[in-house]
Amino acid sequence: MNSTLSAAVAHDVKNRLVILEEELAKLAALPLTAEAQAHVSTAKLQSMMLTSKLVEWLTVQRASEGGLRAVPHEEVPELFLDDLHSQALPLGAGRVQIVKESGELPSLWFYDPHLVRLAIDSALHNALRFAKSRIVLGARMEEGRLCFFVHDDGPGVDNEPCLTSTGLGMKLCNEVAQSHKNRGVHGNCTLGDDPRGGAIFELYLP
């Protein structure tokens, strides 16, 4: 699909998703039964996930046409993690507890916050599909690299698609990681089983 047609299709789909989210918000404001409210919450979550997948697809398309180019900014990892966590909390919708975990983080680090957020959102949405009751969203330093991670208490990697059944998720995350480079060293990401059980996604930034 050429870039012009891709942009047109994406624009149309995005507009329809915005209308859907607005209608769901109006519906949620009505005096509905608890069961109906639960269905509305589920529909809102699915709409948010579809929007996320659309952004992922557009990003991967851009990467395939010329590669992603990170535009690093001076960021405060702890504040960035706080923001990620606050935006993720509503996604649990009373079903899954989303907690924040961080070790001793540097006061500043250089990375592209937009691209990193895309990768973490992709991993988080995948974790929401499989977590039984808890997701840990965190950051730590490891061997001189900043690592953002998402751990869920689901069945583990053998029973979880690689960050979406379309394969876009892990491809996107790899592109995001590779777009970050410092002194000849590229970032990387991994998805594996955690010793505590469940799956863990890790994004390493040099």
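Summary of values
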| read-out | value |
| --- | --- |
| Residues in the range 69-94 that a label on GLU104 would reach, taking backbone N under 15 Å of a point 7 Å out along Cα→Cβ | none |
| Listed residue pairs exceeding 30 Å between alpha carbons, taken from LYS26/LYS171; LYS132/LYS181; LYS132/LYS171 | LYS26/LYS171; LYS132/LYS181 |
| For GLY154, distant residues with modelled amide H under 5 Å away | LYS132, ALA199 |
| Label-to-label distance, nm, for residues given as ARG16 and MET141 (7 Å Cα→Cβ offset) | 4.9 nm |
| For the range 73-205, the fraction of alpha-carbon pairs in successive 10 Å shells from zero, as % | 13, 47, 34, 6, 0 |
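Where a number appears in this text, it was derived from the coordinates with a stated rule and is not lab data. Small disclaimer: the values here were computed from a predicted structure and weren't measured. Note that each Cβ is placed from the backbone with ideal geometry, even for glycine, and that neighbours are counted across all protein chains shown.
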